[in-house]
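All remarks here apply to the structure that follows.
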Amino acid sequence: MAHFVIMGCGRVGATLAHTLEDAGHSVAIIDQDDRAFRRLRQGFTGRKVTGVGFDRDTMKQAGVAEAYAFAAVSSGDNSNILATRVARETFHVPHVVARIYDPGRAEIYQRLGIPTVAAVRWSADQVLRRILPEQHLAGDFREPSGRLVLAELDLDAGWIGHSVSSIEKAADIRVAYLTRFGEGILPAAGTAYQDGDTVHAMLPVDRSSQVAQILAKAPAKESQ
């Protein structure tokens, strides 16, 4: 079980809160207007925090220091980006995502390494894919037989600086491409995994859990 903090209790925030709670995680949701919490179902057991989502004291009340992920899905682009930066840079939350309405602005923040989802193509599933590793493994693409999936993978920070080829060897996968500062790159023989990279790899569907477990741990010394 992990702890998740959501900023914004609109339709989207409430959907995320319910989905995460149903998956067995603990959830805290922040909104400036306590009337927004009426969108939460009866019996919701998560924390409801009234306050400004990017205020440090408010974020502390929501348990952001212990959070596995932070999702800013309020109606304001600036608030979402500011809250996401505070969560990542001040509280060192490992997984963050911001909902952005302006596609041009979303692209700028992606290039700065801030994961965003543009509202014009936004869905709750896309946010979940960025904060839940098991959702990543659902895959962006499956080949016709259904045996192989192209999936986003989460790697332990210990893999930073290791070559892509060592990642492939350790997990027995084929890395198709990396997303770095919002742009896709094809890895060469000597390409190293960097902080902030997203790894997209082809792997057998029936090995997805095993691959996730291998890469969720720091690599053995000989894997470098």
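The numbers here are math on the coordinates, done by the rules we state, and not lab data. Predicted model only: the values in this text are computed from it and were never measured. Here the Cβ is made from the backbone with ideal geometry for all residues, glycine too, and neighbour counts use every protein chain on show.
Annotations for the structure displayed:
- Using a Förster distance of 22 Å, the FRET efficiency for residue 213-residue 147 (Cβ separation, nearest 0.05): 0.65
- Peptides 194-203, 3-12 ordered by average Cβ neighbours within 10 Å, highest first: 3-12, 194-203
- Debye-sum result for region 5-116 in log10 I(q)/I(0), which assumes one identical scatterer on each alpha carbon, at q = 0.16, 0.19, 0.21 Å⁻¹: -0.64, -0.90, -1.09
- Computing FRET efficiency as 1/(1 + (r/R0)^6) for residue 1 and residue 189, where r is the C-beta to C-beta distance and R0 is 35 Å, gives about 0.30.
- Cα shape, region 161-224, gyration tensor, a/c 1.5 rule: oblate
- Extension gain, residue 65 to residue 160, is 31.9 nm, computed as 0.36 nm per intervening residue step minus the present C-alpha separation.
- Region 1-54: proportion of alpha-carbon pairs further apart than 18 angstrom, %: 19 percent
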